[in-house]
Amino acid sequence: MTAGRKLRAYLALTKPRVIELLLVTTLPTMIFAERGLPGLWLVVFTMVGGALAAGSAGAFNCYIDRDMDKLMQRTKNRPLVTGEVSPREALVFAWALGIISIALLWFGANPLTGLLGVGAILLYVVFYTLILKRRTTQNIVWGGAAGCMPVLIAWAAVTNKVEWPAIILFMIIFLWTPPHYWPLSMKYGEDYRNASVPMLGAVAGAKLVSVQVVLYAYATVACSLLLIPVGGAGWVYTLAAVLSGVWFLVETHRLHNRAQGENLTDKTAMKVFHGSISYLTILFLALAVDPFVGSALL
């Protein structure tokens, strides 16, 4: 195997697409916490440390789930399934990334940030992957807390505290995770059933799942608006939260209507999945711009 192919295999273990999404929430949160641009090196240490922490969690996940990954079409080409990386190599890699990430967060930002980084890895690896994923249909609900940790890490890096605006941002992502992920699990339901993973979108009917998607979407949008009175958000964030929130709700209602009419397609489900990413991206981009335009709305 060439060195380039080996490097790509190691990169795949970190789940780069997940890291991209986590980084989209990190920098805007730092800017909003600072109410301006944080120091360059603080941003670098926090972003790199956060990315490596997420990569470590992803690699541990691939190591633990290698038995089920070979049973699913969506994951059958992961490096541990194809043999491009051995289990021992993956485990050493995961530990190395984790140790480096915590060191960067601890010494590059502050100890609180480092501890939150440890918490993020443990939530994803232990709480979600080892305990919840194979045991409950609510796995992604509670396990999704790991994906919310970057905003706490980002806020703590700037302020050395965890304050109410950070908790609201945490809850936005927490509530957003089910309507983001369940449509994907609806499309790949056969995969999850083959691997005996009780993902709600795979084991429950589309009618029930679509109701849950809509309810969580409403909770997400409502939570996003709390940042206006509690976090001091201005008109840029407010406008983006309202408009993108309405659009997100419309898309989830379309999913629901098709599910109730028993004509739901994979295309509709994936439109909500991709749309949820766009919604979160718009929301956090507005969060980054907001401190530079006007003052708090309330």
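For this structure, a couple of remarks:
- Debye intensity ratio I(q)/I(0), log10, the chain, q values 0.11, 0.14, 0.16 Å⁻¹ (C-alpha model): -0.67, -1.06, -1.30
- Solvent-accessible area of segment 1-160 (1.4 angstrom probe, protein heavy atoms only): carbon and sulfur portion equals 68 percent.
- Mean Cβ neighbour count within 10 Å, used as a protection proxy, ranking 33-42, 254-263 highest first: 254-263, 33-42
- Estimated Rh, segment 58-195: Kirkwood, alpha-carbon pairs, angstrom: 16.3
- Entry for segment 248-298 at q = 0.13, 0.23, 0.24 Å⁻¹: log10 I(q)/I(0) = -0.46, -0.81, -0.84, Debye formula applied to identical alpha-carbon scatterers, no solvent contribution.
- Packing rank of 74-81, 197-204, where each peptide gets the mean count of other beta carbons within 10 Å, highest leading: 197-204, 74-81
- Think of each Lys and Arg Cβ as +1 and each Asp and Glu Cβ as -1; about the Cα centre, that makes the dipole of the chain roughly 700 debye.
- Fully extending the segment from residue 159 to residue 254, taken as 0.36 nm per residue of separation minus the present Cα-Cα distance, adds 30.1 nm.
- P(r) weight above 19 Å for segment 157-267, C-alpha pairs, percent: 52
- Along each principal axis, taking the top coordinate minus the bottom one, the Cα set of segment 12-107 gives 47, 25, 16 Å in descending order.
- Estimated [θ] at 222 nm from DSSP helical runs (n ≥ 4, -39500 (n - 2.57)) normalised by residues in the chain, nearest 500: -24500 deg cm²/dmol
- Rg/Rg_globular for segment 104-167, with Rg_globular taken as 2.2 N^0.38 Å and Rg from C-alpha atoms: 1.21
- Between the C-alpha center of segment 102-155 and that of segment 260-295 there is a gap of 23 Å.
- Pairs from 70/187; 76/271; 6/271; 133/187; 161/187; 6/267 whose Cα-Cα separation, in the structure shown, is over 29 Å: 6/271; 161/187; 6/267
- Looking at the chain, the accessible area is 44 square angstrom per residue; that uses a 1.4 Å probe and ignores ligands, DNA and RNA.
- Protection proxy ranking of 150-157, 127-134 - average other beta-carbon atoms within 10 Å, highest first: 150-157, 127-134
- Mean projection area, nm², convex hull over Cα of segment 205-298: 5.6
- Within the chain, the selection of entire DSSP H helices by a Cα span of 24 Å or greater along the long axis and an average Kyte-Doolittle value of at least 0.5 returns 16-34, 40-64, 87-108, 164-187, 206-225, 266-289.
The values are calculated or read from the model by the stated rules, or taken from the named source; none is laboratory data. In this text the structure is predicted, and so the values were computed from the model without any measurement. As a convention, Cβ positions derive from the backbone with ideal geometry for all residues, glycine included, and neighbour counts pool all protein chains shown. Quick note on the areas: whole protein, heavy atoms, side chains included, nothing else; ligands and nucleic acids left out. Shrake-Rupley method; radii C 1.70, N 1.55, O 1.52, S 1.80 Å.
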